[in-house]
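*Asks:* Dropping the structure in here first, questions after.
Any read-out appearing in this document is the output of simple, stated calculations on the displayed coordinates, not a laboratory observation. Everything numeric in this text was worked out from a predicted model, so none of it was measured. Methodologically, a virtual Cβ is constructed for each residue, glycine included, from the backbone with ideal geometry; neighbour enumeration extends over all protein chains shown.
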Amino acid sequence: MSERRALVVEDSLLILIGLEMLLESHEVAIVGPASTLAETLVLVGQGGFDIAILDINLHNELSYPAADQLLERGIPFIFTTGYTTGSMPPRFKDTMCIQKPYGPDALMVMVEQAFSQARA
């Protein structure tokens, strides 16, 4: 089986540590992580990952510009947020999104779905 790689974008250190441990326990290699929009845009530009997990709010900046680039490249991604999703731009209406705090099983269902989309 080829290595599965996920770009991880999260600005909360505690959430990031748990997320990294969860992904690594499911044999997912981490790209990044990034905690700012600027870092995220650099990593998206470099590529080298199959899917992305994006925190929407990064130190009061929205990750939507990175999400737009992922959409353009056809790379599946999952939004994570501690806020309601009702104010998301319409272009992201079909994007997978999970609210914090999320359970590991629920997130991994989405991660596996994203990897399936990446292979399609």
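*Asks:* Residues in the range 1-44 near a label at Gln117, defined as backbone nitrogen under 14 Å from the 7 Å Cα→Cβ point?
*Replies:* So the set is 7.
*Asks:* A follow-up question, please. Given 0.36 nm per residue, what is the gain on full extension from Lys100 to Glu72 after removing their alpha carbon distance, in nm?
*Replies:* Numbers: separation 28, 0.36 × 28 = 10.08 nm, distance 2.64 nm.
That pair, Lys100 and Glu72, stretches by 7.4 nm at full extension.
*Asks:* Multiplying the sequence separation of Glu27 and Glu3 by 0.36 nm and subtracting their Cα-Cα distance, what value in nm do you get? Spell out each step's value before the answer.
*Replies:* Details: separation 24, 0.36 × 24 = 8.64 nm, distance 0.79 nm.
My answer for the length gained is 7.9 nm.
*Asks:* To continue, here is another question. Once the piece of chain linking Asn57 and Glu39 is laid out straight, how much longer is it, given 0.36 nm per residue of separation minus the C-alpha distance between them?
*Replies:* Details: separation 18, 0.36 × 18 = 6.48 nm, distance 1.37 nm.
Once the chain is fully extended between Asn57 and Glu39, it gains 5.1 nm.
*Asks:* For the range 4-119, divide the Cα radius of gyration by the Kirkwood radius and give the resulting Rg/Rh value with two decimals.
*Replies:* My calculation puts Rg/Rh at 0.91.
*Asks:* Additional query: Name the long-range amide H neighbours of Phe79: under 5 Å, sequence gap of 5 or more, or other chain; modelled H, no Pro or chain starts.
*Replies:* Distant-sequence amide H within range of Phe79: Leu54, Met96, Cys97, Ile98.
*Asks:* Just add up the charged neighbours of Val31: K/R +1, D/E -1, any other residue whose Cβ is under 13 Å from the Cβ of Val31.
*Replies:* Values: positive: Arg4, Arg5; negative: Glu3, Glu10, Glu20, Glu24, Glu39, Asp50.
So the surrounding residues net to -4.
*Asks:* What does the charge dipole of the range 4-119 about its Cα centre add up to, to the nearest 20 debye, if the Cβ of each Lys and Arg holds +1 and the Cβ of each Asp and Glu holds -1?
*Replies:* Numbers: 7 positive and 14 negative charges, 57 e Å.
Here the size comes out at about 280 debye.
*Asks:* Please compute the net charge surrounding Ala118, taking Lys and Arg as +1 and Asp and Glu as -1 over other residues with Cβ under 13 Å from its Cβ.
*Replies:* Numbers: positive: Arg4, Arg5, Arg73, Arg119; negative: Glu3, Asp50, Glu112.
So the environment of Ala118 carries a net charge of +1.
*Asks:* Using a Gaussian network model of the chain whose springs link C-alpha atoms within less than 10 Å, name the residue from Ala67, Ala34, Ala106 with the highest mean-square fluctuation.
*Replies:* Result: Ala106 has the largest fluctuation of those listed.
*Asks:* When only Cα pairs under 8 Å and 6 or more residues apart are kept, what is the percent relative contact order across the chain? Could you put the intermediate results ahead of the total?
*Replies:* On the way: 171 pairs, mean separation 27.7, N = 120.
About 23 percent, as a whole number.
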